[in-house]
1. Can residue 83 be described as hydroxyl-bearing (Ser, Thr, Tyr) and without any contact (Cβ under 8 Å) to a residue 12 or more places away in the chain?
2. Exactly one of these conditions fails for residue 12: (1) surrounded by 14 or more Cβ atoms within 10 Å (Cβ to Cβ); (2) closer than 30 Å to residue 102 by Cα. Give me its number.
3. Residue pairs, Cβ under 9 Å, 6 or more apart or interchain, first in the range 1-14 and farther than 15 Å from residue 138 by Cα, second at pLDDT 85 or above and surrounded by 10 or more Cβ atoms within 10 Å (Cβ to Cβ). List them.
4. Out of the range 1-41, which residues are over 20 Å from residue 124 (Cα atoms), touching a Ser or Thr at 6+ places or on another chain (Cβ under 8 Å) and of a type in the set (A, V, I, L, M, F, W, C)?
5. Residues of the range 21-49 being at pLDDT 95 or above and either hydroxyl-bearing (Ser, Thr, Tyr) or surrounded by fewer than 14 Cβ atoms within 10 Å (Cβ to Cβ) (or both), which ones?
6. Restricting attention to the range 44-66, which residues are out of contact with any His (no Cβ under 9 Å at 6 or more places or on another chain) and without any contact (Cβ under 8 Å) to a residue 12 or more places away in the chain?
7. For residues in the range 81-132 being buried (at least 19 other Cβ atoms within 10 Å of the Cβ) and among the polar types (S, T, N, Q), which is nearest to residue 17 (Cα to Cα)?
Amino acid sequence: MVSHSQYIFEVMIFATLAMLVLFQLKHLAVDFLIQDRFPYMWMNKHKVMHPGGWLHAGGHGIASFLILALFCVPSTLMPWVGSAIALCVGETLIHFAIDYVKMNINIDSGWKCNTSPYFWDLLGIDQLLHQLTYLWMIYMWSDKLYFAI
């Protein structure tokens, strides 16, 4: 027989890993599969006032909101909407800032995928920072996971 605390622990581990997988799939979809088809987004991420980069980052925020909503009990969803919105707005701002800095460094340095290994180094750092953002979001959402069990 599994104790209640062991059950809670196992469910929390499963929920955490499930969230991480969903954030990975979301990142693949929004950062690569969708963005690649809309040059308007990726060609303009180095301009703060251009809507392309904001549309891209906002797509991440919206998709993340849907993931967070999956990890709430429907009857208790409403109290957590504000927290989810705050996390997703934070992610949108962070995602935009990461992409903005990466694009401007590449442009200012003249780094391109076929001319400089530093382009790839910077892309790796960019991806690492996005993944760390997802870990931060899961950590910030973890107290909601407990209440959803």
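The values are calculated or read from the model by the stated rules, or taken from the named source; none is laboratory data. Worth saying up front: this structure is predicted, and the values here are computed from it rather than measured. Methodologically, a virtual Cβ is constructed for each residue, glycine included, from the backbone with ideal geometry; neighbour enumeration extends over all protein chains shown.
1. no
2. (2)
3. 2/10
4. 12
5. 21, 24, 25, 28 - these are the residues of the range 21-49 that are at pLDDT 95 or above and either hydroxyl-bearing (Ser, Thr, Tyr) or surrounded by fewer than 14 Cβ atoms within 10 Å (Cβ to Cβ) (or both).
6. Hits for the range 44-66 are 47, 49, 50, 51, 66.
7. Among them, the one singled out is 92.
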